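The values are calculated or read from the model by the stated rules, or taken from the named source; none is laboratory data. Just so you know, these numbers come straight off a predicted model, no measurement behind them. A quick note on method: Cβ atoms are made from the backbone with ideal geometry, for glycine too, and the neighbour counts reach across all protein chains shown. The protein model used for the area step is the full one, side chains on, heavy atoms only, and it has no ligands, DNA or RNA in it. Shrake-Rupley method; radii C 1.70, N 1.55, O 1.52, S 1.80 Å.
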Amino acid sequence: MRSKLRLTALAAAVTLLAVGCSRADAGDSPDAATDKGAAAELRLGYFPNVTHAAALVGLDKGLYAKELGDTKLVPTKFNAGPEAVGALLGGSLDATFIGSGPAINAYAKSNGEAVRLIAGATSGGAQLVVRDGIAKPEDLVGKTVVTPQLGNTQDVSLKKWLAEKSLTGKVKVTNLENAQTLDAFKKGEVDAAWLPEPWSSRLVLDAGAMVLLDEKTLWPEGKFPTTVLIVRTQFLQEHPQTVQALLAGLVGSIDAINADKAAAKESINKQLKDLTGKALKPAVIDRAFGNITVTADPVAAQFPQLAKDQVTAGIAENAPAVAGFADLGPLNDVLAKAGKPIVDAAGLDQK
């Protein structure tokens, strides 16, 4: 009897251990216990920038709405990453296209709980443009340089670069909305700006700025994540079907852009006119489009360096942890079903 009881207890212990292990292995991945089926609505953030081409084209052509079916799509425009992060962490947004810097901050602010990186959208498309007479980094001493918002992707990139050039404290860095930067540059109120497309192209073609640095020259093979797609972890857990539909729309949008760039530019310009009241000149959108790569790959291998850059830039005291940030399983499922190569999480999916 005692032997039988011991065997029963051992079996129970093994069962509990197995359950515990399976839960630990599962981490934050959706499962049957949390899956609530398709969401009633999906609140999606994006910016009126060419670097958000995959969002703009997909919205214009109805590709996201088509994949979402009965789920109501609620697009919401933002002008800079920190604003979108506030909405996401506040629960008024479900997913958003966003820069890599604010994406990392959203993950760090929530202690790695609130959001997950689920896809890329754009690589490249950011430049430091300057007025005449500035030909080298040292010429920026005493000058005013603008980024879109404190702590946004370009703000971190600029401040890290200034630190590496021993220019921290010698250059005045300020933040303006992109449209205000264009006006300020024309008036001579600012001397340089580190901006995403199409604003760097607008300063070059509409205001006579020159390119001092293209950010892609700072990265291996010129690849770095300018725009990615993140989602609230709770939404991912409760509505994995809806997230996969969103990702199917993303892949469809990227396919449409790469299949017909002329049509994609028309879609982007239409969306920009609706959102900002003004379309881009053909030369501006051509130049801007030539500086980006539209891809679902978030270039995950660069995120540890991006986190360290925040320390170099003086934005953070310690590099934000990015382990466990990515959940690319849903994207890779979509890619595999479409017969496309899957993307590498580069260990960013492991804590």
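Just a few scattered comments:
- Filtering the stretch 109-120 for residues that are touching a strand residue (DSSP E or B) at 6+ places or on another chain (Cβ under 8 Å), farther than 18 Å from Thr295 by Cβ and among the charged types (D, E, K, R) leaves a non-empty set.
- In the stretch 70-86 there is at least one residue matching the filter, namely being more than 22 Å from Thr51 (Cα to Cα), among the charged types (D, E, K, R) and over 17 Å from the mean Cα position of the chain (by Cα).
- Hey, Ala32 more than 25 Å from Ala301 (Cα to Cα) and at pLDDT 50 or above or not: yes
- Boolean, Ala283 is at pLDDT below 95, aliphatic (A, V, I, L, M), open to solvent by 20 Å² or more (accessible area, probe 1.4 Å) and farther than 30 Å from Ala326 by Cα: no
- Looking only at the stretch 328-342, and only at residues there that are open to solvent by 20 Å² or more (accessible area, probe 1.4 Å), outside any helix (DSSP H, G or I) and not small (Gly, Ala, Ser), the one that is nearest to Val115 (Cα to Cα): Ile342
- Exactly one residue out of Ser166, Ser200 is of a type in the set (S, T, N, Q) and within 19 Å of Ala288 (Cα to Cα): that is Ser200.
Residue by residue, here is whether (1) in contact with a helix residue (DSSP H, G or I) (Cβ under 9 Å, 6 or more places away or on another chain); (2) within 21 Å of Ile98 (Cα to Cα); (3) not charged (D, E, K, R) holds:
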{"site": "Asn175", "(1), (2), (3)": "yes, yes, yes"}
{"site": "Asn178", "(1), (2), (3)": "yes, yes, yes"}
{"site": "Glu189", "(1), (2), (3)": "yes, no, no"}
{"site": "Pro196", "(1), (2), (3)": "yes, yes, yes"}
{"site": "Asp206", "(1), (2), (3)": "yes, no, no"}
{"site": "Ala209", "(1), (2), (3)": "yes, no, yes"}
{"site": "Leu212", "(1), (2), (3)": "yes, no, yes"}
{"site": "Lys216", "(1), (2), (3)": "yes, yes, no"}
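- Identity of the residue in the stretch 292-309, in a loop (DSSP other than H, G, I, E, B) and open to solvent by 30 Å² or more (accessible area, probe 1.4 Å), that ends up farthest from Ala121 (Cα to Cα): Asp297
- Output for the stretch 240-279, where each listed residue is open to solvent by less than 10 Å² (accessible area, probe 1.4 Å), touching a Pro at 6+ places or on another chain (Cβ under 8 Å) and closer than 27 Å to Leu328 by Cβ: Val243, Leu247
- Verdict on Gly99 being modelled with pLDDT under 95 and closer than 16 Å to Val211 by Cβ: no
- Just one of (1) small (Gly, Ala, Ser); (2) surrounded by fewer than 24 Cβ atoms within 10 Å (Cβ to Cβ); (3) within 12 Å of the chain's Cα centre (by Cα) fails for Gly151. It is (3).
- Some residue of the stretch 310-327 being outside any loop (DSSP other than H, G, I, E, B), at pLDDT 95 or above and open to solvent by less than 60 Å² (accessible area, probe 1.4 Å): yes
- Hey, Val231 under 17 Å from the mean Cα position of the chain (by Cα), more than 13 Å from Gly58 (Cα to Cα) and modelled with pLDDT of 95 or more or not: yes
- Residue in the stretch 181-203 that is surrounded by fewer than 24 Cβ atoms within 10 Å (Cβ to Cβ), at pLDDT 95 or above and under 30 Å from Gly347 (Cβ atoms) present: no
- Residue match in the stretch 110-127 (condition: more than 28 Å from Val322 (Cα to Cα) and touching a Lys or Arg at 6+ places or on another chain (Cβ under 6 Å)): no
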